[in-house]
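Beneath this line is the structure, given in structure tokens, with notes to follow.
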Amino acid sequence: MCGIVGYVGDKQAQEVVVEGLRRLEYRGYDSAGIALVEGGVVHTTKRAGKLANLDKALADEPLPESTTGLGHTRWATHGPPTDLNAHPHTDCTGRVALVHNGIIENFAQLRIALGGRGHTLTSDTDTEAVAHLLEEELGGGTDLAQAMRAVCRQLQGAFTLVAIDGDQPDVVVAARRNSPLVVGRGNGENFVASDVAAFISHTRDAIELGQDQVVTISRDDVVVTDYDGAPVDVREFHVDWDAAAAEKGGYAWFMLKEIDEQPQAVSDTLLGRYSPDGRLQLDEMRLSDDELREIDKVIIIACGTAFYAGLVAKYAIEHWTRIPCEVELASEFRYRDPVLSHGTLVVAISQSGETMDTLMAIRHARQQGSRVLAVCNTNGSTIPRESDAVIYTHAGPEVAVAGTKTFLAQIVACYLLGLYLAQVRGTKFGDEIAGIVGQLQQIPAAIQRVLAEAEPVRELARSLVDTRSVLFLGRHVGYPVALEGALKLKELAYIHAEGFAAGELKHGPIALIDHRVPVFVVVPPKGRDMLHDKVVSNIQEIRARGARTIVLAEDGDEDVVAYADELIRLPKVPTLLQPLVATVPLQIFACELADALGRDVDQPRNLAKSVTVE
Ligand code: F6R
């Protein structure tokens with residue numbers, strides 16, 4: 001939520017910053033702005049709307065050349081998306097330019113106090129108050145980093161702040177609390193950004209910043225302190241993907257590219273986690289076998305698509321480990337006083353590693369003495385850093401706002417966790433675990449086949465552009481797949497869609513069914529006879545009420561043929577692995593229908609990829 005980039009070096013800062021914003025636009029696209037220092041003066045350009053509007057403004061009226069600058073792409077929280085509310089914000093003198101991600105919770109009091117001290121604030125944002133606080137601190141002759149530390153001590157809430165000062169043209173200063181910030185270390189140049197994607201074409205060497213830290217970057221130096229000015233230790237890391245991974249590579253949408261990358265995402269998440277001696281090895285597990293044997297409950301917490309990955313994982317974890325497993329929305333978790341103990345393993349699933357609801361939930365869990373394991377796709381992010389253990393999904397960067405490849409990678413990572421627990425606790429024999437790992441290793445090829453056979457799904461989507469409502473039904477692990485199919489359609493095509501557990505149909509939702517409502521049904525593999533047959537009965541029930549049935553069923557399942565208006569074939573895989581193939585046609589359907597309706601598939605309205613406010 002909001003993308004931030006800052007640069008000092010020998011290149012033209014405008015180019016570097018705008019390129020960084022382009023890679024961060026997935027974080028918010030309500031407005032974009034840039035500020036540069038030149039000749040002791042801060043120069044700012046900002047525009048409401050997507051980055052293209054800023055590009056045009058800069059083309060019409062170029063800023064002076066400069067090698068120090070910052071930029072921002074906004075997801076609006078305080079104040080509508082206008083030019084005035086766009087970042088950067090400046091102080092009364094125009095000496096300071098500041099960008100911000102997060103929410104300053106005490107901004108109303110700060111604004112009143114600043115007004116009383118003679119400041120004039122012109123925007124509706126919480127951010128602008130901070131620019132004026134910096135102005136006050138700098139007035140005493142302190143340097144920008146000192147001023148930033150003094151200001152941060154007055155702020156409540158969540159923030160990443162990045163500032164430049166006309167009087168100190170060779171530095172950019174940034175601070176963080178509860179919001180993402182990473183440093184990129186280059187040769188004769190340095191960067192700060194919300195995400196490594198912003199500087200990946202310049203350097204892959206990064207520094208992870210901790211909570212309540214301030215960093216000063218200059219051309220040749222990076223200095224990190226706490227809010228009192230004391231030096232702190234930092235963790236350096238190397239980004240294991242390159243700029244090409246963050247490009248569209250000839251695809252019309254990032255989402256299409258990311259859907260196609262799913263076989264690779266699954267194999268990379270499995271890679272190196274199974275040793276030749278037949279044992280699972282999870283490098284970043286950090287919890288000892290004894291600690292894992294003490295676990296008596298697993299609670300998975302996550303939001304959105306990651307939550308649905310957790311719902312899938314619950315079936316496997318309970319089945320393989322016999323440990324009770326609950327799945328809960330992170331936004332609900334800490335407000336209901338959950339029963340937690342030292343024996344509870346809280347598993348936080350998050351692609352970004354920055355989702356505020358999930359972060360707050362894990363903090364609550366740790367305060368209660370529980371152990372926390374993160375399943376995360378983003379190295380250097382906050383959630384894994386604050387967890388006792390982490391399993392990284394190696395899906396590579398996901399730029400489209402709607403999650404696709406990370407959903408599959410999250411399921412695989414959770415399955416590795418389940419199998420690892422089973423291995424340590426002895427609830428599965430080694431050869432059984434090896435068998436399941438072998439089945440998982442077949443999944444990339446199965447997904448590849450679904451991708452290769454997707455044209456009828458695309459045609460179907462194009463034939464349904466006038467549809468106003470779509471239902472998705474599934475059972476067992478097919479239920480979260482139905483929820484995910486509905487979420488993708490809502491967020492991309494802005495069409496009403498709902499996912500239901502097929503068994504719940506008769507308890508109410510069946511009233512929604514008529515000839516105008518297409519219904520997707522995910523049919524369990526025939527191996528699980530009872531479940532399969534019950535879902536086939538459900539298809540007959542809805543068809544009898546006039547619905548158009550779109551049935552996803554495995555190869556060779558002839559029982560569904562008579563009741564399917566459209567039949568999407570899935571490769572035969574074991575039941576627990578079916579979500580890894582069944583989700584893919586639903587992603588393609590949503591993407592194609594959204595495209596046919598002229599929606600912006602990669603940047604749907606009102607959304608942002610990384611939700612760093614509660
Ligand atoms: C939907 C989607 C979101 C995210 C959710 C959690 O396509 O991507 O629902 O899954 O905002 O985000 P992370 O995984 O970054 O915590």
- request: Please work out which one of (1) away from the ligand (no atom under 16 Å from the Cβ); (2) crowded, with 24+ Cβ neighbours inside 10 Å; (3) in contact (Cβ under 8 Å) with a residue 60 or more places away in the chain; (4) not β-branched (Val, Ile, Thr) is the condition Ala553 fails and give its number.
  value: (3)
message: Looking at Thr203, Thr269, can you tell me which residue is open to solvent by less than 60 Å² (accessible area, probe 1.4 Å), among the polar types (S, T, N, Q) and either assigned by TED's automatic domain parsing to the domain that holds Thr73 or touching an Asp or Glu at 6+ places or on another chain (Cβ under 6 Å) (or both)?
response: Thr203
statement: Of the residues in the stretch 307-353, those that are within 16 Å of the ligand (Cβ to nearest atom) and open to solvent by less than 10 Å² (accessible area, probe 1.4 Å) come to Ala309, Gly310, Val312, Ala313, Ala330, Phe333, Val346, Val347, Ala348, Ile349, Ser350, Gly353
- request: Collect the residues in the stretch 238-258 that are open to solvent by 20 Å² or more (accessible area, probe 1.4 Å) and touching a strand residue (DSSP E or B) at 6+ places or on another chain (Cβ under 7 Å), keeping them in residue-number order.
  value: His238
- request: Pick out the one residue from Ala544, Ala511, Ala501 that is at pLDDT 95 or above and surrounded by fewer than 23 Cβ atoms within 10 Å (Cβ to Cβ).
  value: Ala501
- request: Might you let me know whether the stretch 289-305 holds any residue that is in a helix (DSSP H, G or I), open to solvent by 70 Å² or more (accessible area, probe 1.4 Å) and more than 16 Å from the ligand (Cβ to nearest atom)?
  value: yes
message: Considering only residues that are open to solvent by less than 30 Å² (accessible area, probe 1.4 Å), in contact (Cβ under 8 Å) with a residue 40 or more places away in the chain and of a type outside the set (Val, Ile, Thr), which ones fall in the stretch 38-62?
response: Leu58
task: Considering (1) within 16 Å of the ligand (Cβ to nearest atom); (2) open to solvent by less than 40 Å² (accessible area, probe 1.4 Å), say which one Lys490 fails and leave the rest.
output: (2)
field: Out of Ala446, Ala409, Ala395, sole residue that is of a type in the set (Gly, Ala, Ser), crowded, with 24+ Cβ neighbours inside 10 Å and assigned to a helix (DSSP H, G or I)
entry: Ala409
message: Can you go through Lys572, Lys526 and tell me which one is outside any helix (DSSP H, G or I), open to solvent by 10 Å² or more (accessible area, probe 1.4 Å) and touching a residue at least 40 places away in the same chain (Cβ under 8 Å)?
response: Lys572
field: Matching residues in the stretch 365-380 - criterion: being open to solvent by 10 Å² or more (accessible area, probe 1.4 Å), in contact (Cβ under 8 Å) with a residue 24 or more places away in the chain and more than 16 Å from the ligand (Cβ to nearest atom)
entry: Gln368, Gly369, Arg371
- request: Pairs only if they're at least six apart or on different chains, beta carbon under 7 angstrom, first in the stretch 593-614 and under 19 Å from Lys405 (Cα atoms), second of a type in the set (Lys, Arg); list them, first residue then second.
  value: Ala608/Arg27; Lys609/Arg27; Ser610/Arg27
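Residues are listed down the side, and each one gets a yes or a no for (1) open to solvent by 10 Å² or more (accessible area, probe 1.4 Å); (2) modelled with pLDDT under 95; (3) in contact with a helix residue (DSSP H, G or I) (Cβ under 8 Å, 6 or more places away or on another chain):
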| site | (1), (2), (3) |
| --- | --- |
| Gly139 | yes, yes, no |
| Gly184 | no, no, yes |
| Asn190 | no, no, no |
| Asp195 | yes, yes, yes |
| Glu208 | yes, yes, yes |
| Ser218 | yes, no, no |
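The values are calculated or read from the model by the stated rules, or taken from the named source; none is laboratory data. Small disclaimer: the values here were computed from a predicted structure and weren't measured. In this analysis, Cβ positions are derived from the backbone assuming ideal geometry, glycine residues included, and neighbour counts consider all displayed protein chains. The area values use the complete protein model at the heavy-atom level, side chains included, leaving out ligands, DNA and RNA. Shrake-Rupley method; radii C 1.70, N 1.55, O 1.52, S 1.80 Å.
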